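What follows is a single structure, written as structure tokens, with notes after it.
The values are calculated or read from the model by the stated rules, or taken from the named source; none is laboratory data. What you see is a predicted model; the values in this text were computed from it and never measured. Backbone-built Cβ (ideal geometry, glycine too); neighbour counts: all protein chains shown.
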Amino acid sequence: MEYFLREISAVAVLFSTIAILSGCHIGYPFQGPGYDPENGARMTDKETQVFVAITHGVVNKNQKTAFSDNLKTVLASLSNSPGLIGYSVRKQLFGNEVWTMSAWTTEEALYNFITSAAHRNAAEHGGISPETVRSAYLWTSAKKLPLSWKEAQHHLKSQASQSCNECTGK
């Protein structure tokens with residue numbers, strides 16, 4: 001009986017650990033050509049309004065490699081995108097959910113990036129089903145960059161679109 005109780009206890013600890021770790025995230029900290037981690041957005045007037053895009057999606061379990069490969073390509077092209085201030089990517093450590101946040105000088109700059117070949121290809125072949133993608137957009141002052149992930153998720157919940165037409169440029 002004692003052995004059985006130890007086994008049940010070990011299983012309970014294992015499930016508790018998995019439950020805790022499933023809430024863990026990894027990712028890229030906010031970075032980009034228009035952002036300095038020590039001083040914030042590189043703008044002469046920190047009250048300047050910037051356009052922020054936030055997305056959430058679920059990576060298909062059998063397409064994690066495709067997602068990873070496309071993410072590398074998108075991030076390489078992102079850094080050279082005119083109008084980019086900065087970006088961050090966050091992914092569940094033991095899960096399939098992924099979030100992105102980017103800040104831009106204008107809506108047009110974001111649209112130009114979204115319709116770029118690298119982003120269109122990733123949206124179409126990157127391993128995330130369009131029906132799982134939610135997006136939120138907002139204007140905020142440059143001094144608020146980067147938004148916290150808690151705030152970003154609040155915006156996703158309050159204004160998320162279920163369509164990924166913006167992502168693919170269709």
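Inside the stretch 82-105, residues that are touching a strand residue (DSSP E or B) at 6+ places or on another chain (Cβ under 8 Å), over 17 Å from F67 (Cβ atoms) and in a loop (DSSP other than H, G, I, E, B) make up a count of 2. Under the condition of being aromatic (F, W, Y) and within 14 Å of G86 (Cα to Cα), the residues counted in the stretch 96-147 number 2.
Scanning the stretch 106-132 for residues that are assigned to a loop (DSSP other than H, G, I, E, B), touching a residue at least 40 places away in the same chain (Cβ under 8 Å) and within 18 Å of T73 (Cβ to Cβ) yields T115, G126, G127.
Do you know which of the residues in the stretch 133-149 that are of a type outside the set (A, V, I, L, M, F, W, C) and assigned to a helix (DSSP H, G or I) is nearest to P29 (Cα to Cα)? Looking at the filtered set, the residue picked out is K144. Looking at the stretch 124-139, which of the residues that are at pLDDT 95 or above and either hydrophobic (A, V, I, L, M, F, W, C) or surrounded by fewer than 16 Cβ atoms within 10 Å (Cβ to Cβ) (or both) is nearest to T55 (Cα to Cα)? That would be A136.
Does the stretch 80-91 contain at least one residue that is over 18 Å from F30 (Cβ atoms) and touching a residue at least 60 places away in the same chain (Cβ under 8 Å)?
Of all residues in the stretch 80-91, those over 18 Å from F30 (Cβ atoms) come to 82.
Among the residues that remain, those that are also touching a residue at least 60 places away in the same chain (Cβ under 8 Å) are: none.
The answer is no, given that none of the residues of the stretch 80-91 is over 18 Å from F30 (Cβ atoms) and touching a residue at least 60 places away in the same chain (Cβ under 8 Å).
Across the stretch 39-65, the qualifying residues are those that are modelled with pLDDT of 90 or more and either in a helix (DSSP H, G or I) or hydrophobic (A, V, I, L, M, F, W, C) (or both), and the one among them that is surrounded by the fewest Cβ atoms within 10 Å (Cβ to Cβ) is V58. If you check S9, S68 for being of a type in the set (G, A, S), at pLDDT below 85 and farther than 17 Å from T100 by Cα, only one passes: S9.
Just wondering, is there one or more residues in the stretch 161-170 that are at pLDDT 85 or above, outside any loop (DSSP other than H, G, I, E, B) and out of contact with any Asp or Glu (no Cβ under 9 Å at 6 or more places or on another chain)? No, every residue in the stretch 161-170 fails to be at pLDDT 85 or above, outside any loop (DSSP other than H, G, I, E, B) and out of contact with any Asp or Glu (no Cβ under 9 Å at 6 or more places or on another chain).
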